[in-house]
1. Count charges around residue 208 for me, please; just the other residues with Cβ under 15 Å from its Cβ, Lys/Arg as +1, Asp/Glu as -1.
2. If R₀ is 25 angstrom, what is the calculated FRET efficiency for the pair residue 416 and residue 277, using the beta carbon separation as r and rounding to 0.05?
3. Once you keep just the Cα pairs under 8 angstrom separated by 6 or more residues, what percentage relative contact order results for the chain?
4. So what J values fall out for region 202-211 if you push phi through Karplus, 6.51 cos²θ - 1.76 cosθ + 1.60 with θ = phi - 60°, rounded to Hz, Gly and Pro as x?
5. Please give the residues of region 277-319, grouped as numeric ranges, whose backbone N is less than 12 Å from a label point set 7 Å along the Cα-to-Cβ vector of residue 474.
6. Give the residue from 135, 99, 53 lying farthest towards the positive end of the charge dipole for region 1-147; charges sit on Cβ (+1 for Lys and Arg, -1 for Asp and Glu) and the dipole is referred to the Cα centre.
7. Find how much the distance from residue 131 to residue 111 grows on full extension, using 0.36 nm per residue of separation minus their present alpha carbon separation; answer in nm with one decimal.
8. For the pair residue 485/residue 80, report the inter-label distance in nm, with labels modelled 7 Å from Cα in the Cβ direction.
Amino acid sequence: MTGAPLLQLRAIQKRFPGVHALRGVHLDLHAGEVVALLGENGAGKSTLMKIIGGVEQPDSGEVLVDGAPVVVRDVDTATALGIAFIHQELNPLDNLDVAGNVLLGREPTQWGALRLIDRVRMRETVRAYLDQVGLEVSPDTPMAALSIAGQQLVEVAKALSLDARLIIMDEPTSSLTLVETGRLHEVVRSLRERGVGIIYITHRLGEVRAVADRAVVLRDGANAGTLARDQLTHDNMIGLMVGRDLDLEHETTRAQRGSGFRIEGLRTRRYPQHAVSFAVGRGEILGMAGLVGAGRSELARAIFGIEPPIAGTVSLHGQPLRISKPEDAIRHGICLVPEDRRLSGLVVDLSIRENVSLPALGRYTRYGLIAAAQERQAVAAVCDQLQVRAPSIEVRAATLSGGNQQKVVLAKWLALGPKVLVVDEPTRGIDVGAKAEIYRLLRGLAGEGVSILMISSDMEEILQVSDRVAVMHEGRLTGIVERAECTEQRIMALAVGQPP
């Protein structure tokens, strides 16, 4: 590309107490270019983006916009420069409608000194931005009524309303299905054609090949390398990110189909008209694919007793079970790793030790008192087994990376010796190195005879880890695909309701 880059970062350094977060990082972005920013958790991506967005200040180095040095003192300065940041964790104002979210604080007014909001002009303005991102909803639609995908597109529309020339997208598809991801990618390509520069942060390497012009890779706070479009291979990206080879190939487990976990005629409260039946063999990883709203998470909650089913039976090793609450499921050896680990899987203000021992606290209690030494020994052993990276088991769960938080959630169930493990989106927001470790953990548990139901919206993950794949569409099971017949096309056809 010719001309000065839209954005240039030169030798950016940033230190926090005890951490050298950025070590002389360089990055260029041209108008009409999509640059993927890759790296494991802790590589420095978030710190670098906060510096661009005016949330943090560099200790040294230079930021240039259109070739001229600038000081991005705060978020308002970044906005004035045409920089918009779409965060991974969306924070929409659910009590407002779409128009109110897009033009918050910038609403058009009428009647002079009265400064009454001009709702007609507001709707017309927002409608134009919604059309640009392909979101076919009314500006009057409450934000709470939108899916995560819809809320993501509202954030993009808001960025456009700010006349953003540079948009930072942090894990924009982490909560989206393949269909919704494809829609967002179309928006990204449209923005690129209009000259908007995009920094695209993702752990889904397939997306990098789909949308990026090149990739900049960080490792341990420094530049690990840059990959041109024709160099964006899976192995090249992983090699720069982790500095080592990762074996992510599928390993078939020795599943015993006849003896394991089975549900028959299960009807959830959301989809009472559809009965779901399937089995997960001992030592099998059954992947469960489907679009958002297909009913997979509802099924998981029903199995675990959070929202008991209105009909159907659950059996384990041929024995029917009665599950009306999570305590029943846990007592029978059924454990759930929920979709939102921070909200539902952890008590983030408690320590690793307290989180891991919480479900099994009765094991360490004598006469109403906790046997602290026994508890610490048991928790330390399981954390060592799962390679939880933390200075101590006494640190708060909130301080851990996403991958280590997920390991803590797994650790608390592993300490109970589960017979069935239901994992809902097990690697959402987790870097490629931690993903490989989670996959090895799941395969290791399967190798010990645990029946695993893995719900995932990541097609690479489904194809990589599953022994078979069950597919759901609007509350019904549309098919179960054997490993040898698993293709993305076949799974997607079942996910949209086409017959097998």
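1. Details: positive: 45, 189, 192, 204, 209, 214, 229, 435; negative: 33, 40, 170, 171, 207, 213, 230, 235, 431, 458, 460.
Overall, the nearby charge balance is -3.
2. Numbers: r = 27 Å, r/R0 = 1.07.
E between residue 416 and residue 277, to the nearest 0.05, is 0.40.
3. Details: 1006 pairs, mean separation 75.7, N = 500.
Result for the chain is 15 percent.
4. Values per residue, Gly and Pro as x: 7, 9, 8, 5, x, 5, 4, 5, 6, 10 Hz.
5. Only 294 pass the distance filter.
6. 53
7. Working: separation 20, 0.36 × 20 = 7.20 nm, distance 2.83 nm.
Value of the extension gain: 4.4 nm.
8. Rounded to a tenth, the inter-label distance reads 6.3 nm.
The values are calculated or read from the model by the stated rules, or taken from the named source; none is laboratory data. Quick caveat, the model's predicted, so the values are computed rather than measured. A quick note on method: Cβ atoms are made from the backbone with ideal geometry, for glycine too, and the neighbour counts reach across all protein chains shown. To get the accessible areas, we keep the full protein, side chains included, count just its heavy atoms, and leave off ligands, DNA and RNA. Shrake-Rupley method; radii C 1.70, N 1.55, O 1.52, S 1.80 Å.
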